[in-house]
Structure formats: C-alpha cells, structure tokens
1. Kindly list the number of the only condition in (1) on the phi < 0 side of the Ramachandran plot; (2) without any contact (Cβ under 8 Å) to a residue 24 or more places away in the chain that fails for T167.
2. Which pairs turn up if I take residues in the stretch 258-272 that are farther than 14 Å from Y238 by Cβ and look for partners that are of a type in the set (K, R) and not in a strand (DSSP E or B) with beta carbon separation below 7 Å, at least 6 apart in sequence or on another chain?
3. From the list A269, A174, which residue is surrounded by fewer than 22 Cβ atoms within 10 Å (Cβ to Cβ) and not in a loop (DSSP other than H, G, I, E, B)?
4. Just give me the residues in the stretch 272-282 being surrounded by fewer than 23 Cβ atoms within 10 Å (Cβ to Cβ) and within 17 Å of the chain's Cα centre (by Cα), in sequence order.
5. Given the criteria of a type in the set (S, T, N, Q), farther than 16 Å from A269 by Cα and not in a loop (DSSP other than H, G, I, E, B), does T143 qualify?
6. Here are some residues: R251, R241, R165. Which one is surrounded by fewer than 20 Cβ atoms within 10 Å (Cβ to Cβ), at pLDDT below 95, touching a helix residue (DSSP H, G or I) at 6+ places or on another chain (Cβ under 9 Å) and not hydrophobic (A, V, I, L, M, F, W, C)?
7. Contact list please: Cβ distance under 7 Å, first residue in the stretch 19-37 and farther than 15 Å from T331 by Cβ, second residue modelled with pLDDT of 95 or more and assigned to a helix (DSSP H, G or I), pairs at least six apart or on different chains.
8. In the stretch 129-152, what residues are in contact with a strand residue (DSSP E or B) (Cβ under 7 Å, 6 or more places away or on another chain) and surrounded by fewer than 16 Cβ atoms within 10 Å (Cβ to Cβ)?
Amino acid sequence: MIASSPWWTKAQHEDRRPLLIARGRIKSAIRAWFEAQNFIEVEPACLQVSPGNETHVHAFKTEHIDTDLSRRALYLHTSPEFAMKKLLAAGEEKIFAFAPVFRNRERGPLHACEFTMLEWYRAGAPYEQLWSDCAAILKIAATITGRDVWSFRDRACDVQRDCRRVTVDDAFIAHAHIALRDAQTSEAIDRDRFASLAGAQAIRVSDDATWSDIFSQVLAEKIEPHLGAGEPVILSDYPLREAALARPSAREPSLAERFELYVCGVELANGFGELTDAGEQRRRFETWMADKERIYGERYPIDDDFLAALAHMPPASGCALGFDRLVLLATGAQRLDQVIWTPQPAAGK
C-alpha cells in the first residue's frame, strides 16, 4: 500500500475501517449515556452570522443569496456555542450535540479544518460537574475499545484512574518555573515582565505578542506535554484574562471558572462556568477582534442576537470536547485523518 494514496482506496479504507467502526460505537455509547441523564440531543445550525470571536481561531466565510438576490455574509461556525446558549435562553436545561465545526488554517496529526465537537450544557449546575462528565466519557470510550491505557507520542495515561486536578498557577510553577503572580498585578497586566520571564526559560517571544499570546505559548511549549501522563488531568483556575466565555470565580474574582481536560499531553476538552453578562462579553469580543485585525488584518461580526440571549440565559456550565481526538486516543490511532470517515485531502492530492 502506498502511504500517500487517497483515503478512499480499498487498501487505505481497510486499514482505517476498524477505527471508524469503533468511532460509531463510541458515539452511540456516549449518546446513550447523555440520554440516560435526560439530556436532549440538539442539532445547531452550521451557518451563523458570526463564527465566533476568538483572536486566533479562523473561520470559513461564505455568502447567502436570497430569493430577491440580496446578499449577506455568513460563516461556518467554529463552535456550536452561540446557538446552544440561545437554546438555553429559550428554556432548554440539559442539551448535547455532536456538531460538525470548521476552522481554517488548521491541519496536522491533531488538527483538521472540519471536525466533530461534542458539546454539552447543564443549566444550574456547577462547572465542577463537568469534570465528572469528562471522566465518565473517557471511561465509556475505554470500555468500547477495551483499552484502559492510552498512549500518544510516548506518553501513556490510564483513563480508568480518577482525574487529577492541577491549577494553572501550580502548572506554570512546576513545568515552566514561572509564577504568574510575577507576570501580572491587580492594576494592570504586565506584558513585558511576562515576556522576560518566558525568555528566561528559552521561550522566544515575538515583539508583537500580547500577554495572552505569551500565556498560550508557555502553555503549549512547557506545560501541555506534561499533562495527562499517568492519569487524566483537569487544568483549572485560569487567570481571568484567559476566561474566554467563562464567568469569574466566586471564590477568587481574579480567576475564571474555566478548565481543560488533558490526556497523554493532548487537550481534549475546554469547559466553562458560563458568562451571562452581555456587557462584559461584548467587551471581550471587541478586544479579541481588535487583536485579530491588528495581527491578521480581518475581524468577524459580533452576534448581537447572541448577546441579547445572554440576558435570558440561566446560570449554566458547558463543555466542548474534541470527539475525533477522543476516538484517536481511545483506538490508538496516530492521526485524525485515520478516524474521520471522509477526511479532507491535503492540497494537490
């Protein structure tokens, strides 16, 4: 078999088919688990007026032509989050979706421009409940494949073990030798100080990197490779500046109710205690879009309908899990294109 042959050749498909069959069984088992807890499966639309407003997440843009030939820009969503939160505002309380999502400028063993996101929300639940949900999903996938110990790039993890909680502060100290309190003050974010601390750990920081860019770079280079080795890790207590769409912690207002799940050094899930303050969410969106325009020369619309819905949304917690990555780890695959039924071929293929 030629390694570069198309995925649809019989030899390539024969190799991938057992992984794809396992994918379907994992999805069915997770769906049954949610339904047993009285969750409703929803189907959020992929076409949206805004694809999401994170600085470094890139969308696919298209155009809708109406029957009167009027035109308007639409985007393939990068997450079903906006649509699903509108459903919470409409009165739904426990919802989940296996949603196709689309992200431009992404390709690699752990990245695809089109992939499946498992996203779920619990109205009225603390965000710590999502940690238990994540642990249960890992165990479901392990049971289906009969593989309790997963490995990726020489990192092994027993997903039947309890998730270990690690705070962001502790992870930065342990693996990057940086105390985040030295990189910020209560009055202002100290970008230059953070860059100096990162540089001392041999991390090359560009002149135009923001505080958030440096945070992400340190996390990716120094911390993530160590997370989820041995047992799954919940990385929690993010700085409020890295809150994304999460609310501030009631326990410590300088922190956000945000966590990420790691297995074998791979980020699998990102969860929030959801922000419902429309004014604060608009401020964050505008900041991120200003950064995107400065860095990439483009910006995406802000979904005013979503912000209006936040005023009617109940307190809730939600989580997004990369379903393809889950299947990859559970089956022992090494690339996402091995566990996606019809992967997008590389340019020129």
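1. (2)
2. G265/R153; V266/R325; L268/R325
3. Answer to the check: A174.
4. Of everything in the stretch 272-282, just one residue is surrounded by fewer than 23 Cβ atoms within 10 Å (Cβ to Cβ) and within 17 Å of the chain's Cα centre (by Cα), namely L275.
5. Here the answer is yes, as T143 does meet what is asked.
6. R241
7. Qualifying pairs under 7 Å: W33/A136; W33/I140.
8. Q129, D148, V149, listed by residue number.
The values are calculated or read from the model by the stated rules, or taken from the named source; none is laboratory data. Nothing here was measured: the structure is a model prediction, and the numbers come from that model. Using ideal geometry, Cβ is built from the backbone for each residue, glycine included, and neighbour counts are taken over all protein chains shown.
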